[in-house]
Amino acid sequence: MRLLAKSSRDRVSSLGETGLIAAIRRWLGGASPAPPFGIGDDCAVFGASGRRRQLLTVDPVVYGVHIDDRVSPREAGSKLLKRNLSDVAAMGGRPRAAVVALALDGRVAVDWIGEFYRGIARESRRHAVPIVGGDIATLPGGALVATLTLVGEAPGRVLTRKGSRAGDGIYVTGLLGRSLQTGHHHRFQPRLAQGQWLARRSAVRAMMDLSDGLAKDIGALASPGIRPCLSPSLLPRRAGATLREALCDGEDYELVFSLSAGADAGAFERNWRRAFPRIRLTRIGSFVARGNPSAPDEIDPDQYLGYEHFKST
Ligand SMILES: [Mg+2]
């Protein structure tokens, strides 16, 4: 069987990212349990139930997609670990250990790879996550793909993407938009302490990290029967970011979560400011029942396409 399809309709790009993930689920069948134990959340959750659940996540950096010559190899290495740390943060977990699989063209400069691993080492020390192994493979065509697999653990509750209800407030940390233009996509700090803090609060119902843009990602935080009602004026935008950029750019690596309607939101926000005085927290809207009429200035996320891997060309 040939690897590359001749006709465009037989290509993976015709499925789009969502379609490809759905197909992979089908092909795996019973081999893939339902989330959060299988595909579909920021991390997979496994291990004995009880106090210490294990978390598992994997994310690559691909030269030409996530990094290029404008990003120093040290920042590229640091980004590789950090984007995985962001997924552990999204479950309220703490990172434990990582392995790195490297596939690269033999012509890649030794100095480049050296700096890349120094970047990984810097974040590894900063977050006390040892790099405990890896693998190397050859890749032709001047390409480089580094894939990091991260194991974490959740000391208490595992916060998943599921569980939001109508009336819950929607909050986001930090600022959104223009991540690539401003270098935020490699300079960001994963919200590990904040994720753990949020997981300890029972009024926080569901959480995820923002990687593909709020407009696309927020759908994963909604439960059946509810939809996000977001106010454009409330979105915390990075300087110069348009509404579209704040919703669609992706690579924000911020946390978005829902807070129970019954919670004392004022007290919650005050506690946040006390714990994290330098990290902005913004209530950007709420979840409402699907049948509810939409507000006049409400954002319709479907009107804004987030980042779609394998976007059909
Ligand atoms: Mg994620």
Taking the chain and counting helices only, DSSP H stretches of n ≥ 4 at -39,500 (n - 2.57) each over all residues, the nearest-500 ellipticity at 222 nm comes to -8000 deg cm²/dmol
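Rounded, prolate or oblate: which fits segment 166-313 when a ≥ b ≥ c are the square roots of the eigenvalues of the alpha-carbon gyration tensor, with rounded for a/c under 1.5 and prolate only if a/b beats b/c?
oblate
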Using the Kirkwood radius over Cα pairs of the chain, the Stokes-Einstein translational diffusion coefficient at 10 °C and 1.306 mPa s, in µm²/s and rounded to a whole number, is 78
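What is the order of ARG270, ARG107, ARG191, fewest Cβ neighbours within 10 Å to most?
Working: ARG270 11, ARG107 8, ARG191 23.
Fewest-to-most ranking of ARG270, ARG107, ARG191: ARG107, ARG270, ARG191.
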In whole percent, the Cα-Cα distances of segment 21-177 spread across 10 Å bins from 0 upward as 10, 33, 33, 19, 4, 0
For the chain, longest principal axis from Cα atoms; helix 110-126 axis from its Cα atoms; angle between them, nearest 10 degrees, is 30
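Across the chain, where is the longest run that never hits chymotrypsin sites (Phe, Trp or Tyr not before Pro) in a DSSP loop with at most 15 other C-beta atoms within 10 Å? Walk me through the numbers on the way to the answer.
Working: sites that count: PHE37, PHE310.
Formally, the longest exposed-site-free interval is 38-309.
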Helix 73-89: inclination vs the chain longest Cα principal axis, degrees, rounded to 10, gives 40
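So what are segment 224-297's ellipsoid semi-axes, whole angstrom, largest first, if each one is the square root of 5 times an eigenvalue of the alpha-carbon gyration tensor?
Details: eigenvalues 95, 81, 23 Å².
One finds semi-axes of 22, 20, 11 Å for segment 224-297.
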Taking max minus min of the Cα coordinates of segment 9-83 on each principal axis, largest first, gives extents in Å of 44, 43, 13
From the Cα centre of segment 177-255 to that of segment 154-170, the distance in Å is 15
Taking Cα atoms, the helix 16-28 axis meets the longest principal axis of the chain at an angle in degrees (rounded to 10) of 80
Ordered by fewest other Cβ atoms within 10 Å, a rough proxy for footprinting exposure, LYS6, LYS79, LYS216, LYS162 read LYS6, LYS162, LYS216, LYS79
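How large is the Kirkwood hydrodynamic radius of segment 53-106, counting all unique pairs of alpha carbons, in Å? Intermediate values should be presented prior to the final figure.
Working: mean 1/r = 0.0805 Å⁻¹.
Taking every pair of different Cα atoms in segment 53-106, averaging 1/r and inverting gives 12.4 Å.
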Note: probe point = Cα of ARG125 + 7 Å toward Cβ; backbone nitrogen < 18 Å; residues of segment 76-115 passing the test are 76-82, 98, 114-115
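Values quoted throughout were computed directly from the atomic coordinates according to the rules given, and no laboratory measurement underlies them. Because the structure is predicted, anything quoted here is derived from the model rather than measured. Cβ coordinates were reconstructed from backbone atoms using ideal geometry, including for glycine residues, and neighbour counts include every protein chain displayed.
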